[in-house]
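The values are calculated or read from the model by the stated rules, or taken from the named source; none is laboratory data. Quick caveat, the model's predicted, so the values are computed rather than measured. No Cβ is skipped: glycine too gets one built from the backbone with ideal geometry, and neighbour counts run over all protein chains shown.
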Amino acid sequence: MAVAVHPKDVASQEFMISRRGQKICDDFARGAFLANAGARLMSQGYFDSISKPKGIVDFGVSENKLMFDVFEKKLAEPKIQKLAPHMLFYDVMAGNMRFRGALAEFLTERLNAAKPLDPKNLRVCNGAGPMMELVATSIGDPGDCLMMPMPCYGGVFWDVGGRAEIEVVPVHLTSKMEEGDTRPFQLTAKKIEDTYNKATAEGKKIVGILLINPHNPLGDIYSAELIMDILNFCHKHSLHVIMDEIYMMSIFDTEAKYTSVLSLPNIPDPQRVHMVWGFAKDFCMSGMRCGVLYSVNEAVNKAVDALVYFNMIPGPIQHILTEIVLDKEWLDKVFIPTKYSRMREARSYMCDKLSALGIPVRKSPSGLYIWADFRKYIQPLTPENELVLFEKFMDAGVYLTPGIEAFNCGEPGYFRMVFTVYRDHLEVGMERIAAVLKDCAENGLTKPQGANAEAPASANVKEESLEDLLGLLQGRISSSGWLEETRTQNWATQNPEALEQFKQAMKSQEGSGDK
């Protein structure tokens with residue numbers, strides 16, 4: 001008996017993976033700007049003043065590369081190098097109790113917690129992103145939604161959507177200030193409420209909100225008043241609050257006041273508040289892979305305990321990180337002051353160079369990056385032209401992340417620039433940016449197209465001969481403006497009829513040559 005084959009089954013058989021696996025691949029491909037950019041960086045090679053001077057300077061990946069020399073000495077200490085038998089065997093999947101106890105003590109102090117954190121309410125896994133996935137899976141079903149202020153860290157869509165299949169509903173922030181705002185891109189409880197009302201009216205099920213504090217990419221620190229307003233709103237609607245505080249020790253402004261959600265004494269609904277932190281940003285250790293969850297919700301913790309089976313941190317890594325957070329003298333006298341001093345110096349250098357180029361930057365007290373306004377160099381100001389400028393930077397050998405593609409910013413022209421890089425990278429990268437902007441100022445974002453660059457209307461393409469089509473392609477190739485355009489939008493995709501006619505003409509030509 002013949003069995004009908006679903007189109008998805010055909011694709012699955014072809015690639016020998018399940019429909020679920022194919023869906024994951026498709027979803028990742030649709031939103032993989034950052035992953036694709038990273039692959040491009042690796043294929044072209046990172047800048048090195050000696051071994052690869054023409055490599056790409058990385059101002060895009062949010063890592064702090066300023067502290068390797070300090071950690072090189074720290075990690076060589078005998079107590080950290082110590083290897084015990086228990087580190088090589090199975091242990092508690094959510095983190096051994098010595099590590100969790102050290103983390104609870106460390107976070108109680110650094111977060112200025114309202115009361116001592118209980119190690120029993122703390123969980124660890126291999127990264128803050130994976131921890132987001134575990135929490136999202138625990139509080140929502142596939143198709144449920146989490147609200148999140150935008151622009152935001154772009155990886156969150158994959159963190160909560162890839163396997164947990166939780167959708168993200170943007171709370172759009174813009175450069176245009178609304179009534180009551182004191183600065184552009186300002187988050188308010190009212191904007192969250194408006195987004196919630198609109199989403200629920202459209203039939204979406206909102207299960208919570210995800211906040212990054214300090215914020216990525218804006219660098220803002222949320223006030224205690226704003227956090228309480230949001231907590232009260234969420235309590236009113238029985239919504240979970242996931243507070244990502246992964247940059248809480250990356251506040252370089254000594255005047256800035258930081259409020260952790262765990263420092264608030266009267267959280268209205270503590271059972272629905274979950275704090276996530278990690279070592280990647282604050283400890284300049286993205287390769288160590290350690291994310292932390294603190295939640296007093298026993299049901300959520302049990303769900304994470306089950307899921308973390310797939311995300312356990314190796315015993316030797318837990319030992320190293322335990323020794324680091326327990327060494328308060330080293331933290332306070334060596335690591336933290338050195339890190340902040342270097343961050344301030346690097347940020348000042350980048351801001352001065354951008355100021356000289358006429359690029360406004362958002363004044364912010366925290367983060368490893370700058371939110372920079374390149375709108376004056378993008379004319380006409382469109383999302384497509386934002387990518388044109390992005391490609392110009394990449395071609396010049398410097399990677400910085402565009403606001404729309406990387407952070408779901410609602411308007412074009414903004415880029416995030418990471419300043420916590422090696423000094424020679426900082427200098428060379430800013431020189432390359434200056435060269436690109438000088439060219440844009442002199443020649444425009446896209447240089448004028450040649451007289452032969454105009455494409456015929458698609459309705460007339462069918463009447464063109466092979467010679468005419470080749471002439472059309474030659475004319476377009478001779479136009480540098482077209483070359484700039486096609487780096488981000490494939491000509492074949494935009495002109496399918498012309499492409500098909502060209503293919504048919506080429507086949508006819510090949511056939512006549514064989515006879």
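The set of residues in region 324-383 being acidic (Asp, Glu) and either within 22 Å of residue 215 (Cβ to Cβ) or buried (at least 21 other Cβ atoms within 10 Å of the Cβ) (or both) consists of 373 alone. A single entry from 354, 307 fulfils the requirement of being modelled with pLDDT of 95 or more, within 30 Å of residue 423 (Cα to Cα), part of a helix (DSSP H, G or I) and not acidic (Asp, Glu): 354. Given the structure, is residue 111 surrounded by 15 or more Cβ atoms within 10 Å (Cβ to Cβ), out of contact with any strand residue (DSSP E or B) (no Cβ under 6 Å at 6 or more places or on another chain), at pLDDT 95 or above and over 30 Å from residue 423 (Cβ atoms)? So residue 111 fits the description; yes.
Residues of region 234-263 that are within 17 Å of residue 293 (Cα to Cα) and of a type in the set (A, V, I, L, M): 241, 242, 243, 246, 248, 249, 261, 262.
Here region 256-305 is the region considered, the condition is being under 27 Å from residue 336 (Cβ atoms) and of a type in the set (Lys, Arg), and the residue that is surrounded by the most Cβ atoms within 10 Å (Cβ to Cβ) is 281.
Condition test on residue 221, is it surrounded by 17 or more Cβ atoms within 10 Å (Cβ to Cβ), of a type outside the set (Phe, Trp, Tyr) and touching a helix residue (DSSP H, G or I) at 6+ places or on another chain (Cβ under 9 Å)? Taking the combined requirement at face value, the residue does not satisfy it. Quick check, is residue 60 in contact with a helix residue (DSSP H, G or I) (Cβ under 8 Å, 6 or more places away or on another chain) and closer than 30 Å to residue 167 by Cβ? Spelling it out, residue 60 is indeed in contact with a helix residue (DSSP H, G or I) (Cβ under 8 Å, 6 or more places away or on another chain) and closer than 30 Å to residue 167 by Cβ. Checking residue 416 against (1) free of Cβ contacts under 8 Å to residues at least 40 places away in the same chain; (2) of a type outside the set (A, V, I, L, M); (3) not in a helix (DSSP H, G or I), which single condition isn't satisfied? Unmet condition: (1). If you go through region 27-48 and keep only what is touching a Phe, Trp or Tyr at 6+ places or on another chain (Cβ under 9 Å) and over 25 Å from residue 371 (Cα atoms), you end up with 27, 28. Is one or more of the residues making up region 45-54 more than 18 Å from residue 418 (Cβ to Cβ), assigned to a helix (DSSP H, G or I) and either of a type outside the set (A, V, I, L, M, F, W, C) or touching a residue at least 24 places away in the same chain (Cβ under 8 Å) (or both)? Looking for residues that are more than 18 Å from residue 418 (Cβ to Cβ), assigned to a helix (DSSP H, G or I) and either of a type outside the set (A, V, I, L, M, F, W, C) or touching a residue at least 24 places away in the same chain (Cβ under 8 Å) (or both), one finds none in region 45-54, hence no. Reported count of residues in region 412-448, each being touching a Ser or Thr at 6+ places or on another chain (Cβ under 7 Å) and surrounded by fewer than 18 Cβ atoms within 10 Å (Cβ to Cβ), is 2. Restricting attention to region 134-146, the residues that are buried (at least 24 other Cβ atoms within 10 Å of the Cβ) and either out of contact with any His (no Cβ under 6 Å at 6 or more places or on another chain) or of a type in the set (S, T, N, Q) (or both) add up to 3. Filter region 104-138 down to the residues that are among the hydrophobic types (A, V, I, L, M, F, W, C) and assigned to a strand (DSSP E or B), then identify the one that is farthest from residue 307 (Cα to Cα). This residue is 122. Residue 18 meets each of the listed conditions (1) within 27 Å of the chain's Cα centre (by Cα); (2) within 28 Å of residue 166 (Cβ to Cβ) apart from (1). The set of residues from region 185-205 being within 18 Å of residue 215 (Cβ to Cβ), surrounded by 18 or more Cβ atoms within 10 Å (Cβ to Cβ) and either among the hydrophobic types (A, V, I, L, M, F, W, C) or not assigned by TED's automatic domain parsing to the domain that holds residue 169 (or both) comprises 185, 187, 192. What are the residues in region 77-103 that are outside any loop (DSSP other than H, G, I, E, B) and touching a residue at least 24 places away in the same chain (Cβ under 8 Å), if any? Within region 77-103, 79, 80, 86, 87, 88, 98, 99, 100, 102, 103 meet the criteria.
Residue-wise test of (1) at pLDDT below 80; (2) surrounded by 12 or more Cβ atoms within 10 Å (Cβ to Cβ); (3) farther than 30 Å from residue 65 by Cβ.
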position: 12; (1), (2), (3): yes, yes, yes
position: 15; (1), (2), (3): yes, no, yes
position: 25; (1), (2), (3): no, yes, yes
position: 41; (1), (2), (3): no, yes, no
position: 47; (1), (2), (3): no, yes, no
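For region 206-225, the set of residues classified as under 18 Å from the mean Cα position of the chain (by Cα) and either in the same structural domain as residue 372 (by TED's automatic domain parsing) or not hydrophobic (A, V, I, L, M, F, W, C) (or both) consists of 213, 214, 215, 216, 217, 219, 220, listed by residue number. Being surrounded by fewer than 17 Cβ atoms within 10 Å (Cβ to Cβ) and small (Gly, Ala, Ser) is the filter here, so list the residues in region 52-107 that pass it. The answer is 76, 84.
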